[in-house]
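**Q** Just dropping this structure here.
The values are calculated or read from the model by the stated rules, or taken from the named source; none is laboratory data. Here the structure is a predicted model, which means the values were calculated and not measured. Note that each Cβ is placed from the backbone with ideal geometry, even for glycine, and that neighbours are counted across all protein chains shown. In case anyone asks, the SASA skips ligands and DNA or RNA and just uses the protein heavy atoms, side chains included. Shrake-Rupley method; radii C 1.70, N 1.55, O 1.52, S 1.80 Å.
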Amino acid sequence: MSRVCMVTGAVPGFGHSISHSHRRTKRRWDPNIQSKRYWVPSLGRSVTLTVSARGIKTVDRRGVDAVVREILARGVRL
């Protein structure tokens with residue numbers, strides 16, 4: 001599964017882990033991506049969205065119809 005939120009566009013962040021001796025090794029911070037099913041009344045079917053925890057809160061606040069309409073306007077296939 002891609003580590004990109006369909007609602008907020010959150011992507012992994014990259015940087016270094018720094019040890020006590022100050023050696024640096026590469027690491028990444030992945031967003032909390034969940035696969036969640038929503039019933040969309042305007043489409044008359046359910047869709048599965050790949051959303052972050054913040055994206056789930058955004059769907060709860062704005063409504064699934066508005067969020068799905070915005071995703072479809074970007075040209076993403078659901």
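**Q** Which one of the conditions (1) loosely packed, with under 14 Cβ neighbours inside 10 Å; (2) in a helix (DSSP H, G or I) does R77 fail to meet, given that it meets all the rest?
**A** (2) is the only condition that R77 fails.
**Q** Right, another one. Using the structure shown, decide if A66 is more than 14 Å from the chain's Cα centre (by Cα), of a type in the set (A, V, I, L, M) and open to solvent by 50 Å² or more (accessible area, probe 1.4 Å).
**A** Against the criterion (more than 14 Å from the chain's Cα centre (by Cα), of a type in the set (A, V, I, L, M) and open to solvent by 50 Å² or more (accessible area, probe 1.4 Å)), A66 does not qualify.
**Q** Within the stretch 32-49, which residues are open to solvent by less than 90 Å² (accessible area, probe 1.4 Å), more than 18 Å from R3 (Cβ to Cβ) and either among the charged types (D, E, K, R) or touching a Phe, Trp or Tyr at 6+ places or on another chain (Cβ under 9 Å) (or both)?
**A** S46, V47
**Q** To continue, here is another question. In the stretch 27-74, what residues are touching a Ser or Thr at 6+ places or on another chain (Cβ under 8 Å) and basic (K, R)?
**A** Selection gives R27, K36, R37, R54, R69.
**Q** Still on this structure: For S52, work out the one condition from (1) open to solvent by 30 Å² or more (accessible area, probe 1.4 Å); (2) of a type outside the set (A, V, I, L, M, F, W, C); (3) out of contact with any Lys or Arg (no Cβ under 6 Å at 6 or more places or on another chain) it doesn't fulfil.
**A** (1)
**Q** Look at the stretch 10-31 and say how many of its residues are surrounded by fewer than 13 Cβ atoms within 10 Å (Cβ to Cβ) and assigned to a loop (DSSP other than H, G, I, E, B).
**A** 7
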